[in-house]
Each structure stands twice: as structure tokens, then as C-alpha cells.
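Take a look at the structure set out below.
The values are calculated or read from the model by the stated rules, or taken from the named source; none is laboratory data. The model shown is predicted, which means the values in this text are computed figures rather than measured ones. Here the Cβ positions follow ideal geometry from the backbone for every residue, glycine too, while neighbour counts run over all protein chains shown. What goes into the accessible areas is simple: the full protein's heavy atoms, side chains included, and nothing from ligands, DNA or RNA. Shrake-Rupley method; radii C 1.70, N 1.55, O 1.52, S 1.80 Å.
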Amino acid sequence: MRRRRKPVVMAAIRRVLTCAICIIALLGFLSVHIYVAPFNRLPRLHLNNKHHTRRGDTINYEKSITEQSSTRNLSRSESIESPFISKPKNNVIQYQSSVSEHINNTQELFPPHISTNPSSSSKLNTTSGIPDYDKLWKPPPNRSFVPCVNPNPNYTSPLESRGYLLVHTNGGLNQMRAGICDMVAIARIINATLVVPELDKRSFWQDTSKFSDVFDEDHFINALSKDVRVIKKLPKGIDGLTKVVKHFKSYSGFSYYQNEIASMWDEYKVIRAAKSDSRLANNNLPQDIQKLRCRACYEALRFSTKIRSMGNLLVDRMRSYGPYIALHLRFEKDMLAFSGCNHGLSASEAAELRTIRKNTAYWKVKDIDGRVQRLKGYCPLTPKEVGILLTALGYSSKTPIYIAAGEIYGGESRLASLGSRFSMLMSKEKLATKEELKPFMNHSTQMAALDYIVSVESDVFIPSYSGNMARAVEGHRRYLGHRKTISPDRKGIVRLIDKIGRGSEKDNMKVYERIVEIHKTRQGSPRRRKGPVSGTKGLERHRSEESFYENPLPDCLCQRDSSKPR
């Protein structure tokens, strides 16, 4: 009997052991999922069109910025007050805030057409995890540099006006902005009454916007009242006064305007400046004139109420996704035609750009070798090249990216190479409804102003080309506390990418590390404005200088004495 019972007992023991092993394995499996599951349920922005409706098709442009949003973040906890965002809050990203709190705070900001796909709508920014937050998003040390634009003690109110200065601006938004600020300084130098400048309506963009459509006209006049007398239009009965149209010399200094231009008042009472771009030197001007340029640019010349309101709404909507990059992707038809850059374009596209360049009379250079331009770093980065740069720097595929640009040449198909690496590509057209953007449509200057606001307020700004927009935004971000601005080394990037294309290098970490290395010192940290390139002379010497509005240090920024109480 004992021998018969032994196999039975052994079989029972095996069954018990087998059951125990299964139970242990099941518990282990469940414990893993219990741990992982909360991370899979981190806040996501779900805006199902079937359930989410707006209370109206249009926004109230006169509504205050504070009323429009209750959730804002700054790129630094001790940031200088933004010119666009009214009451900024602490910049700590609440990575583990509840879903209900997130939706309650943000859903009313969004138009119903925004994608509800969780893969492109996550509140959590999963760049490389929280430990890498500083590396990816933290601004460079600002070394306690703060704006110091108040005039010197001996600065006086405007002297008696000797005549009227009319200004016809030229170029796009940021070229006009810089020109207007220069003309404010020139009006001060020559003791002129400045008539509110006329915006360019004849350039490539054919925009009919008036000054008051883009800028806050009354604020502009009042903010400069202690510096320059500004009026909206020439007084009645002024037609009988003598007038002259004058092309002011480019990059001219104080003595040119004080002597040559001011002496024209003896013969004329109205002087019209035919152009406004680059009419004043970047350097070697009296300190009070330089400070006046900054007061005009960063304090007096603010956007109109409707532009600021819409721009801030776009900022709020971007911030709901977490920290974001503003990418000024200058891969637009006008830039490519002007620069002669045609890398990655089809033969028909390259031919179209050549025709545009040939038919644009005020573009002097007609025959351009696009390949040479690119190798010298004179071309805007392509969407594909930008994608490689962002990947190399460590930003993940879920990083929210705002495309600050007009229509990309080639449309969505041209953006596909960037979109294949980064799925959250946003723009004003994607963040706002057609009804919300309707007041700005067909006005390229106003649309550019929206991009300007979102770019200045971004956590990181990256321009693909160092044009007027890039320089203006970089300078403004420096003025506001040296917010993080990554300036791509285009020459270095394209050489590395070309090596990958030829097979001599691989698209791997080795190449990425080299890209990171060449951008360590291109993060927007404080530095003095660069002077002229060695060996250049005359006008070319002045052109080679770094733009005053790209870097207002040292004229308008000084280091705060940390030993003194604030």
C-alpha cells in the first residue's frame, strides 16, 4: 500500500508546486502593470469634436489677456515681465497634474478642430524625461543682465521742432520695426516732429495694413512723448510748406544727421525719408540715442490690441502641451528665390524660383549658385536638416514645435521629413479656427506679428536662417533676460549631413555628438555685440557688424549689482 501511495503523493506535490509557480508569476505580472499603468495615464488633452463645443465662433479681441487664460508658464521663475503676457506664473512644469485639472484649465482655450489623437496631443512633454529638463529647456545663465534704458540725468525733453519727418518704411514686419525705431532716434537727432510712419504696401507681400492695424498707435505716441514729438498725420494747411524726398545714407552716424540732414531745415520744412531700413549705424552713437532706440523697440512699438490678444491665445494653447520650441522655418518662396537656394527642390521648383528672382527688379543679384550658397552656410536649413538638428540636440519626437513661418515652399509634403521625426508640428493655422484668424488673413505683416509673439514667448527659439525675423526675436529675447535661443551653425550642419548622404558618416550618435558640440556656445548667453569683420572697409564694414536689434548689449543691458537689495 505504501508503494502505491507514493506516486500519488508525488503527483499531488507537483500539482501544488505548479500552482504556486503560476500564482507567483501572475502576481509578478500584475505588479509590473500596476506600476507602469499610471505612466500610461499621464494627462492627455482630449478634445473630442462630438462633445467639445465653443460658445461662439469669434473671439473678443478687446478681452484682457488675463481673462483669456488662467494657465501660463514662464521659461524662468525670475523672468523679466513679458511685453505680451500680462501676469505670468511660476515656470515649474506640473508633470503629474491631474487630468481633470488640466482639462478644466485649458479646454476652453482650444478651437474644436484641433486633433484629438493622443499621440499628438499629450500634455506631458516626453523629451528625454525630467532629469534632462535642464539640458533641453533651461535658459543660459543671464549673469544678472537687466534692461537699463532710462536716459542719463542731463537728458532733456524734445527741443523745439524744426520741421516734419515723413517716413516710408520698406520690407517685411521686422525690417520695418527696426527702421521705425531708427527713425525715432533720427527725429531726435535732427529736432523733427515725426509723423507716424507709413508701412510698406508695395513689397513682395503686398500688404495693405496701416500702422494702427499692426501697432498700438496711441501707445507709441504717448510712450515717446518725452523723447520725440509724434503726430498721426501732417496738420491741415501744411501743403504750402516746402518738401523734399531724401534717401538717407545707410549705416550713417550721429554727425551725418546732425550736420548734413539737419541743415536741410534751412530750405525745407518737410523731409520724407524714402527708405527706413539700416539708415542708422549699429555702433559709435551717443549712449542716450542707443537707449532711445531700445525704448522705441521694446517699450513704445507694441502690437495692436487684437494682435496681442490673438498672439497670447496662441501662446496659451502651445503651453498647454508643455514647454515648446518656436521654429522659425524660413523655407518660404520669397527667401529661396532671393537667396538662390534650391537644395532638395525639383527642377521645376528651382526654375520657378529663378523666374521670380529675375522678375523682381529690386533684387540686384540674378545669377546665384545655390550649391555654393549652401556650403557657405548662406541658405536656410531645409525641414529635413532641421529635423536632424533637433534630434541630435536631444529633443524627442513628442516635443511640441510651433512653426513660425508663412507658407512653406512645397507645402505639407516638404514638411514630411520633419514630421516623420517630430509628430507635434503646430502653427497658427492649426491652433486657431478660420474664424479666429479671419481678421488677419491676407495681411502678411499681421500674421508675422502673431508668429513674433509666439516666438518671443517660447521656451526655446530656433531660427533656420538668420534673417530679419530671427535677429529681431533673438534681440528681444536677450532683452527679456537671455531666453534660450539656439542659433544653428548652418555651415557645420550641412557639411555633416552631406557626409551622411555620401556614406562617409552614419546618421548615429557620433554625428549627433558633433552637432551638440558645435552648438554648446550658441544658446543665447550674454555677450557683447560683434563688431565689423576684420579687413572689411566702407559700407561693407558696417554691413558686417552684428545688428543693434539682434543684440542690444552693452547699450541697453547692464549687470545688476547682486550686493544691493532689490
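Yes/no matrix, rows are residues, columns are (1) within 16 Å of Ile261 (Cβ to Cβ); (2) β-branched (Val, Ile, Thr):
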residue	(1), (2)
Leu173	no, no
Ala178	no, no
Cys181	no, no
Ala185	yes, no
Ile189	yes, yes
Arg202	no, no
Asp218	no, no
Lys226	no, no
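Given the options Leu381, Leu415, Leu390, name the one that is of a type in the set (A, V, I, L, M), assigned to a helix (DSSP H, G or I) and at pLDDT 95 or above.
Being of a type in the set (A, V, I, L, M), assigned to a helix (DSSP H, G or I) and at pLDDT 95 or above holds for just one of Leu381, Leu415, Leu390, which is Leu390.
Filter the stretch 191-222 for residues that are part of a loop (DSSP other than H, G, I, E, B) and surrounded by fewer than 21 Cβ atoms within 10 Å (Cβ to Cβ) and give the result. Break it down into steps so the answer makes sense when it comes.
First pass over the stretch 191-222, keeping only residues part of a loop (DSSP other than H, G, I, E, B): 191, 196-197, 199-210, 216.
Once the filter is applied, which keeps residues that are part of a loop (DSSP other than H, G, I, E, B) and surrounded by fewer than 21 Cβ atoms within 10 Å (Cβ to Cβ), the stretch 191-222 yields Asn191, Val196, Lys201, Arg202, Ser203, Phe204, Trp205, Gln206, Thr208, Lys210, Asp216.
Scan the helices (runs of 4 or more DSSP H) fully inside the stretch 451-566 and keep the ones with 2 or more residues being of a type outside the set (Val, Ile, Thr), crowded, with 21+ Cβ neighbours inside 10 Å and under 18 Å from the mean Cα position of the chain (by Cα).
468-479
Name the helices (runs of 4 or more DSSP H) wholly within the stretch 330-378 that hold at least 1 residues that are among the β-branched types (Val, Ile, Thr) and surrounded by fewer than 18 Cβ atoms within 10 Å (Cβ to Cβ)?
Ranges flagged: 347-359, 370-375.
With respect to Glu407, is the statement that it is touching a residue at least 24 places away in the same chain (Cβ under 8 Å) and closer than 23 Å to Arg317 by Cα true?
When the stated conditions are applied, Glu407 passes them.
Within the group Arg162, Arg177, Arg188, which residue is in contact (Cβ under 8 Å) with a residue 24 or more places away in the chain, within 23 Å of the chain's Cα centre (by Cα) and either open to solvent by 50 Å² or more (accessible area, probe 1.4 Å) or not assigned by the TED database to the domain that holds Ala470 (or both)?
Exactly one residue qualifies, and that residue is Arg177.
Listed residues Leu241, Leu194, Leu166; which is at pLDDT below 95, out of contact with any His (no Cβ under 7 Å at 6 or more places or on another chain) and of a type in the set (A, V, I, L, M, F, W, C)?
Leu241
Mind checking which residues of the stretch 260-287 are touching a helix residue (DSSP H, G or I) at 6+ places or on another chain (Cβ under 7 Å), in a loop (DSSP other than H, G, I, E, B) and not polar (S, T, N, Q)?
Matches in the stretch 260-287: Asp277, Arg279, Ala281, Leu285, Pro286.
Quick check on the stretch 420-432. Is at least one of its residues under 30 Å from Val146 (Cβ atoms) and modelled with pLDDT of 95 or more? Let's see the steps before the verdict.
Our first condition is that a residue be under 30 Å from Val146 (Cβ atoms); within the stretch 420-432, this holds for none.
Checking the stretch 420-432: not a single residue is under 30 Å from Val146 (Cβ atoms) and modelled with pLDDT of 95 or more.
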